[in-house]
Amino acid sequence: MQAKIDDFRPGYHARPKNNGTKQLFDNPILEALSRTHIMVPISMWLVSSAVLMWYAFTYTDMSNGAIGGLFVGGFFIFTLFEYILHRFLYHLEPKTPQRAKIQYTFHGVHHEYPKDKTRLAMPPALAIFMWLAFFGFFFLIMGEASYAFFPGFLVGYSGYLAIHFIVHAYAPPKNFFKWLWINHSIHHYKNEDSNYGVSSPLWDHIFGTYQK
């Protein structure tokens, strides 16, 4: 009998547990490296963003207006990147045990333990590698413009991390920001194939994956 996809999704469709955590690695060093305090990556990205912006203003020939426009462009592009990453990588269809393991390690464990504060952001060891890869990519296609574009991208990522953390770690406020909690709760507790945008539902509306 052909195996079902769910056979390769350990814990992914399990009822979310509102406390506790899950050990992913037998090696204690790898296990420790898979966790982080939320302020570690946020601080890393904001500081590196400030340094790159300083470099853009000080050592490039770009005008202040161009730098500002590139920064805003980087911020906007991140919102699309957030949507694509969440939908097509974090929710990778686990058609084989290997793909299921990758999907669960990257994101499935978060769906099973959504209140685990130590796994609400990419751990620094992996994040540094991704920082280098993305900056190298942007520099390759944009040249010195990347010194202004990438900081906007990083600030967008920092905003996403902050929103994602507070939505999972705190009770919803009694004001208009409550819609952020509702939007992401639908993704976790009602329909995991909808509402991929965490910091904004813009791309869910555009691509038809938004659900009230």
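The values are calculated or read from the model by the stated rules, or taken from the named source; none is laboratory data. Please read these numbers as outputs of a predicted model, since none were measured by experiment. No Cβ is skipped: glycine too gets one built from the backbone with ideal geometry, and neighbour counts run over all protein chains shown. Quick note on the areas: whole protein, heavy atoms, side chains included, nothing else; ligands and nucleic acids left out. Shrake-Rupley method; radii C 1.70, N 1.55, O 1.52, S 1.80 Å.
Averaging the sequence gap over all C-alpha pairs within less than 8 Å and six or more residues apart, then dividing by the number of residues, gives the stretch 66-175 a relative contact order of 48 percent. Tilt of helix 39-59 relative to the longest C-alpha principal axis of the chain, in degrees (0 to 90, nearest 10)? Around 20 degrees separate the two axes. For the stretch 71-174, a/c is not less than 1.5, where a ≥ b ≥ c are the root eigenvalues of the C-alpha gyration tensor, and a/b does not top b/c. That puts it in the oblate class.
D by Stokes-Einstein for the stretch 141-209, Kirkwood Rh over Cα pairs, 4 °C, 1.567 mPa s: 96 µm²/s.
For the chain, what does the relative contact order come out to in percent, with C-alpha contacts under 8 Å and a separation of six or more? The normalised contact order for the chain reaches 32 percent. Of the residues TYR160, PRO172, HIS188, the one whose Cα sits farthest toward the positive end of the charge dipole of the stretch 125-212, with +1 on the Cβ of Lys and Arg and -1 on the Cβ of Asp and Glu, is PRO172. Taking Cα centre as origin and charging only the Cβ of basic (Lys, Arg, +1) and acidic (Asp, Glu, -1) residues, the dipole magnitude of the stretch 1-142 rounds to 500 debye. In degrees between 0 and 90, to the nearest 10, how far off the longest principal axis of the chain does helix 64-84 point, with axes built from Cα atoms? Value to nearest ten degrees: 10. For the stretch 139-212, the solvent-accessible area works out to 49 Å² per residue, with a probe of 1.4 Å and every protein chain left in place. Computed in the context of the full set of protein chains, the accessible area of the chain at 1.4 Å probe radius has 67% of its extent on carbon or sulfur. Comparing HIS37, HIS184, HIS107 in a Gaussian network model of the chain where C-alpha atoms under 10 Å apart are linked, the largest mean-square fluctuation is found at HIS37. Here r is the Cβ-Cβ distance between PHE129 and THR60 and R0 is 25 Å; the resulting FRET efficiency, rounded to 0.05, is 0.45. Each Cα pair under 8 Å and six or more residues apart adds its separation to the average, and for the stretch 111-203 the resulting relative contact order is 25 percent. Of the residues ILE42, TYR90, PRO151, the one whose Cα sits farthest towards the positive end of the charge dipole of the chain is TYR90 (charges of +1 on Lys and Arg Cβ, -1 on Asp and Glu Cβ, taken about the Cα centre). For the chain, a Gaussian network of Cα nodes joined below 10 Å ranks THR118, THR58, THR105 by mean-square fluctuation, and the top entry is THR58. A DSSP coil position with no more than 16 other Cβ atoms inside 10 Å describes none of the GluC sites (Glu not before Pro) in the stretch 44-148.
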